[in-house]
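Engineer: Got a structure for you, questions after.
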Amino acid sequence: MTLAMTSFAPLLAGRALAAADAGGLDYLEIARNSGPVGMAVLALLIGASAVCWAIIVKKYLQLRRARDESVKFLETFWQSKRLDAIYEAADRLASSPISQVFRAGYVELSKVTAQKREGDAAGMSDELGGIENVERALKRATASEVTHLESHISFLGTTASAAPFVGLFGTVWGIMRAFHDIYRMGNANLAIVARPISEALIATAVGLFAAIPAVVAYNYFVSKIRVLDSEMTNFSSDFLNIVRRHFFS
């Protein structure tokens, strides 16, 4: 009878532990008992997740504002007949990358036309160099706006790629601790290995929690920036055609 009860003691202890935890896991307690390495892994993942969410909110608002103001600017551009009036509208719609491309082209066009008038007065002409200067200004502005739109996006991509592996490292470390406890205690019952295994699985879960929103947001933002980049390129071509027709014909 005593031998039978002794053999069932680990099983009863495991059932008692399960019953005690039936109300839910104390994640803070598990994190505190995960050791310095486990806590460092969790802190790193939670910090990266917090930064990612801050970037997601900021970048979403920035891209939405850029899209809305670009629509307004394009309406103004095609409805207005005067470049100086369009320039004033672009100044009010500073969040639109297309308006900033126009501003760069307009400033360069003003310099080129002034030099062209001076050259005509002196009997010289440099029309080819003039239109090329405007084209280069538009390309520089487009590249600058794309760089601005892509700022901090790389952190999302890095987190999406690295967070699962950091969580996996925490998992491996927790399992190593579990086997160490098994070796030290000389017993492999559930009561001994449950806590370190829980710590290991929490590290994996936090890694996925950081990675999944980051990869979804990264792909979403990249697609939106690609659309704006295409619109800036198309606008630059249209603007160059207008400039060539009215100023260098």
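Engineer: Across segment 213-239, what is the number of residues that are under 22 Å from E108 (Cα atoms), open to solvent by 20 Å² or more (accessible area, probe 1.4 Å) and touching a residue at least 40 places away in the same chain (Cβ under 8 Å)?
Structural biologist: Matching residues across segment 213-239 total 3.
Engineer: Looking at S144, S198, S161 in this structure, which one is over 24 Å from S70 (Cα atoms), open to solvent by 50 Å² or more (accessible area, probe 1.4 Å) and polar (S, T, N, Q)? Full working, then the answer.
Structural biologist: On the way: S144 fails: over 24 Å from S70 (Cα atoms); S198 fails: open to solvent by 50 Å² or more (accessible area, probe 1.4 Å).
Result: S161 is the single residue among S144, S198, S161 that is over 24 Å from S70 (Cα atoms), open to solvent by 50 Å² or more (accessible area, probe 1.4 Å) and polar (S, T, N, Q).
Engineer: List every residue pair whose Cβ atoms lie under 6 Å apart, where the two residues are 6 or more positions apart in sequence or sit on different chains, the first residue falls within segment 86-104 and is in contact (Cβ under 8 Å) with a residue 24 or more places away in the chain, and the second residue, located anywhere, is aromatic (F, W, Y) and assigned to a helix (DSSP H, G or I).
Structural biologist: Filtered contacts from segment 86-104: L93/F73; S96/F73; I98/F73; I98/F235; S99/F73.
Engineer: Same structure, new question: Going by the conditions given, is V215 within 30 Å of A160 (Cβ to Cβ) and in a helix (DSSP H, G or I)?
Structural biologist: yes
Engineer: Evaluate the following for R177: is it charged (D, E, K, R) and open to solvent by 80 Å² or more (accessible area, probe 1.4 Å)?
Structural biologist: Taking the combined requirement at face value, the residue does not satisfy it.
Engineer: Looking at L28, L63, L17, can you tell me which residue is at pLDDT 80 or above and not β-branched (V, I, T)?
Structural biologist: On inspection, the qualifying residue turns out to be L63.
Engineer: A further question on this structure: Across segment 70-111, which residue is modelled with the lowest pLDDT among those that are among the basic types (K, R) and either open to solvent by less than 50 Å² (accessible area, probe 1.4 Å) or over 22 Å from S230 (Cβ atoms) (or both)?
Structural biologist: Among those residues, the one meeting the criterion is K81.
The values are calculated or read from the model by the stated rules, or taken from the named source; none is laboratory data. Predicted, not measured: the structure shown is a model, and the values here were computed from it. Heads up, the Cβs are rebuilt from the backbone with ideal geometry, glycines too, and the neighbour counts pull from every protein chain shown. Heads up: the accessible areas ignore ligands, DNA and RNA and are worked out on the full protein's heavy atoms, side chains in. Shrake-Rupley method; radii C 1.70, N 1.55, O 1.52, S 1.80 Å.
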